[in-house]
């Protein structure tokens, strides 16, 4: 059975995640406040960041960068694309 949460990104009730998608306190905040739809938006944004910045997610600096961007994406001012980024048409 799905659970409904008040999604911080959508600003309305939506289907919540099935489990915390990230470890620790940030993962719990995401589980409690982020919908499945918003999480999918983050995954697309994260993929763009990894590709544009040519990140290797296994490297500690890249992981820290992505964690910071994830927190900004959901709970801060938002995570911006690189200035040079041109979205696909």
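Every read-out reported here was derived from the displayed coordinates using simple, explicitly stated rules and does not represent laboratory data. In this text, all values refer to a predicted model and were calculated from it rather than measured experimentally. For neighbour counting, all protein chains shown are included, and Cβ atoms are generated from backbone atoms with ideal geometry for every residue, glycine included.
Is there a residue in region 46-63 that is under 22 Å from residue 16 (Cα atoms) and under 8 Å from the mean Cα position of the chain (by Cα)? Yes, region 46-63 contains at least one residue that is under 22 Å from residue 16 (Cα atoms) and under 8 Å from the mean Cα position of the chain (by Cα).
Is it true that residue 41 is under 12 Å from residue 9 (Cα atoms) and in contact (Cβ under 8 Å) with a residue 12 or more places away in the chain? Judged against the criteria, residue 41 is a match.
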